[in-house]
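I have placed the structure first, in the form of structure tokens, so that the comments after it can refer back to it.
The values are calculated or read from the model by the stated rules, or taken from the named source; none is laboratory data. It should be emphasised that the depicted structure is a prediction, and the values quoted were computed from it without experimental measurement. Reconstructed Cβ throughout: ideal geometry from the backbone, glycine too, with neighbour counts over all protein chains shown. Accessible surface is based on the protein model in full, side chains and every heavy atom, while ligands, DNA and RNA are left aside. Shrake-Rupley method; radii C 1.70, N 1.55, O 1.52, S 1.80 Å.
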Amino acid sequence: MAEEQDDLDLRELSDEDLVQQMHDDLYDGLDAEIEEGVKILLEREWQPYKVLTEALVEGMRIVGIDFRDGILFVPEVLLSAKAMKGGMAILKPLLAATGAPQVGKMVIGTVKGDIHDIGKNLVCMMMEGAGFEVIDLGINNPVEDYIAALEEHKPDILGMSALLTTTMPYMKVVIDTLAERGMRDDYIVLVGGAPLNEEFADAVGADAYCRDAAVTVEIAQDLINRKHNQRAVS
Ligand code: B1M
């Protein structure tokens with residue numbers, strides 16, 4: 001595979017073959033090849049969001065299937081994640097360069113016990129691109145970290161991410177603690193992550209479930225507008 005890789009000139013591939021090759025390279029955790037692939041697609045005038053979703057996110061979806069089925073293991077998936085992050089780093093300034101005026105502020109973090117951050121990082125990138133100021137608390141956040149960040153930054157939105165069925169209930173711990181302290185209604189609470197759904201978001205008392213990064217932006221904009229309209233009326 002490595003020898004084959006050495007002989008392969010990514011620039012000679014059609015768009016379709018290049019994207020297919022990038023899925024394979026992400027699977028193999030080849031960060032230099034992923035970065036080169038991203039640059040080539042951008043040179044071919046692909047929109048950054050299309051590169052992100054079709055080459056990177058789709059590649060990681062395939063990795064996820066074999067991880068689930070016990071074909072790939074944690075060390076291999078870590079390499080895939082590293083390659084994905086390398087590609088995302090090239091896209092980040094492009095996604096953020098829309099020049100949108102600042103529309104609101106969000107504090108976001110992955111919940112306690114959970115170290116998955118690729119999806120959350122994507123949400124940060126897309127929200128920044130849409131003009132939100134984003135304070136990223138990173139991974140493995142206990143409730144105290146969220147509360148401290150809310151008090152310090154006074155955002156419009158609290159975002160939480162969880163990728164494990166064992167960590168998603170922690171979102172309720174955070175929301176219940178906000179309620180106990182009389183802070184719940186000060187923030188729009190958005191939750192996301194692959195195992196969640198709308199029913200879960202309702203059950204834990206969040207304002208909305210966000211299926212992906214693009215939907216997060218739409219929901220955030222919508223709820224911020226509603227909040228502003230409510231303030232204008234009252
Ligand atoms: Co983990 N892992 N993992 N993993 N991992 C999953 C989640 C899993 C589904 C794999 C599988 O079995 N198919 C499975 C969970 C099963 C379950 O709970 N039912 C799993 C497991 C079991 C584990 C470990 C327990 C494995 C082990 O140790 N035996 C372990 C747990 C570690 C821990 O957290 N304590 C573990 C470890 C890891 C790695 C460290 C190797 C690595 C993470 C690296 C990193 O993130 N830096 C990893 C990875 C990469 C995955 C998969 C393969 C990919 C996740 C990902 O990045 N997806 C994943 C399989 C899968 O999800 N298909 C899996 C791409 C990303 C763009 O999508 O994260 O869904 P996603 O984010 C989307 C939306 O969900 C949404 O928008 C994002 C962008 O569109 N979204 C939000 C996410 N957060 C949001 C927050 C918001 C809004 C929207 O706030 C407002």
Would you count, across region 49-122, every pair of lysines whose alpha carbons are under 25 angstrom apart, provided the pair is eight or more residues apart or spans two chains? 14
For residue 225 and residue 199, FRET efficiency with R0 = 22 Å and r from the beta-carbon atoms, rounded to 0.05? 0.30
Helix axis angle, 74-96 relative to the chain longest principal axis, alpha carbon, degrees: 70
Work through the residues other than residue 45 whose Cβ is under 15 Å from its Cβ and net out their charges, Lys, Arg +1 and Asp, Glu -1. +1
As I understand it, the value is the acute angle between the Cα axis of helix 58-68 and the longest principal axis of the Cα atoms of the chain; what does it come to in degrees, rounded to 10? 90
Please give the calculated 222 nm ellipticity per residue for the chain, where each DSSP H segment of at least 4 residues contributes -39500 (n - 2.57) and the sum is spread over every residue; nearest 500 deg cm²/dmol? -17500 deg cm²/dmol
Treating the beta-carbon of each Lys and Arg as +1 and of each Asp and Glu as -1, no other charges, what is the dipole magnitude of region 167-234 about its Cα centre, to the nearest 20 debye? 220
So if the hydrodynamic radius of the chain is defined as the Kirkwood radius over C-alpha pairs, what does Stokes-Einstein give as its diffusion coefficient at 37 °C and 0.692 mPa s, in µm² per second? 175
On the first, second and third principal axes, largest extent first, how far apart are the outermost C-alpha atoms of region 50-110 in Å? 45, 24, 15
Computed over region 76-196, the convex hull of the Cα set has an average projected area, in nm², of 7.5
Once the Cα atoms of helix 213-233 and of the chain are each reduced to a long axis, what angle between those two axes, in degrees from 0 to 90 to the nearest 10, is obtained? 20
What accessible surface, in Å², does a 1.4 Å probe find on residue 105, ignoring ligands, DNA and RNA and rounding to the nearest 10? 50
Region 1-76: mean projected area of Cα convex hull, nm²: 5.1
Given a 1.4 Å probe and heavy atoms of the protein chains only, how would you sort 11, 211, 181, largest accessible area at the top? 211, 181, 11
